[in-house]
Amino acid sequence: MHPLSIRLFDFTHTLAAPLLERVHYPWEVLPKIAEYIQELAQQLPADFEEIAPQVWVGQGTYIEKTALIMGPAIIGRNCQIRHSAFIRDQVIMGDRVVVGNSSEVKNAILFDEVQIPHFNYVGDSILGYRAHLGAGAILSNFKSTHDEINVYLDEKKMGTGLRKFGALIGDRVEIGSNAVLFPGTIVGRDAVIYPLCPVRGYVAEGSILKNDGSIFPRK
């Protein structure tokens, strides 16, 4: 397992910890989520219920009638799936997660207490413990050129072998309203992204990215 995973995520806050521990780079789990859900479903605690084909939901979770969930998906305990939310294939969601009005999640891992409450898109991504997206924030997962998606790690450009890959968002990250994260973006723990920011590359942990592209340490 690459040190990046440890820098970004507290593995005690996800059912997907065994999957993340099997790979070197964290983005390598993305093509494996569907298969892992089938494995995990066989060992879920007794307080999970299969409410639809290949959709398992933990006790205390509220799902609005207007939400749409397409399996395979595992949704944790005491979550809120609000009006017009769209859970679209291959999603592993922790406890006390909020997926809100007109937000879409696809092929993603959401750690405990993630909030994507208003008009958000999260595709082919991993969001760490208590990560929060402001209204309209988007994690773009596909390049307009259809090329392989690269990441910038340790100041080096690296291919991922993926044509669909959104972002790795560390624990307790705050992303402002209408920010757009380009494919392959990595945001370190406790970072803050200002509203309306276009974000690419690597944003260091504990930093603040402002609209003009300047970065400051978070006090």
Among all residue pairs at least 6 apart or on different chains, which show Cβ distances below 8 Å where the first residue, located in region 193-219, is touching a residue at least 60 places away in the same chain (Cβ under 8 Å) and closer than 13 Å to Val180 by Cα and the second is surrounded by 14 or more Cβ atoms within 10 Å (Cβ to Cβ) and among the small types (Gly, Ala, Ser)?
Pro195/Gly134; Pro195/Gly176; Pro195/Ser177; Pro195/Ala179
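How many residues does region 169-185 hold that are part of a strand (DSSP E or B) and under 18 Å from Val29 (Cα atoms)?
Our first condition is that a residue be part of a strand (DSSP E or B); within region 169-185, this holds for 169, 174-175, 180-181, 185.
Remaining after also requiring under 18 Å from Val29 (Cα atoms): 169, 185.
Of the residues in region 169-185, 2 are part of a strand (DSSP E or B) and under 18 Å from Val29 (Cα atoms).
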For region 71-84 the number of residues that are at pLDDT 95 or above, out of contact with any helix residue (DSSP H, G or I) (no Cβ under 7 Å at 6 or more places or on another chain) and farther than 17 Å from Asp95 by Cβ is 2
Considering only residues that are under 17 Å from Thr145 (Cβ atoms) and touching a helix residue (DSSP H, G or I) at 6+ places or on another chain (Cβ under 9 Å), which ones fall in region 170-190?
Gly184
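Only one residue in Leu181, Leu133, Leu127, Leu162 is surrounded by fewer than 21 Cβ atoms within 10 Å (Cβ to Cβ) and of a type in the set (A, V, I, L, M, F, W, C), so which one is that?
Working: Leu181 fails: surrounded by fewer than 21 Cβ atoms within 10 Å (Cβ to Cβ); Leu133 fails: surrounded by fewer than 21 Cβ atoms within 10 Å (Cβ to Cβ); Leu127 fails: surrounded by fewer than 21 Cβ atoms within 10 Å (Cβ to Cβ).
After ruling out the rest, the residue left standing is Leu162.
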Within region 14-60, track down each residue that is assigned to a helix (DSSP H, G or I), within 30 Å of Asn150 (Cα to Cα) and aliphatic (A, V, I, L, M).
Ala17, Leu19, Leu20, Val29, Leu30, Ile33, Ala34, Ile37, Leu40
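The values are calculated or read from the model by the stated rules, or taken from the named source; none is laboratory data. All figures in this text were calculated on a predicted structure; none of them were measured in a lab. So basically every Cβ, Gly included, is an ideal-geometry build from the backbone, and we count neighbours across all protein chains shown.
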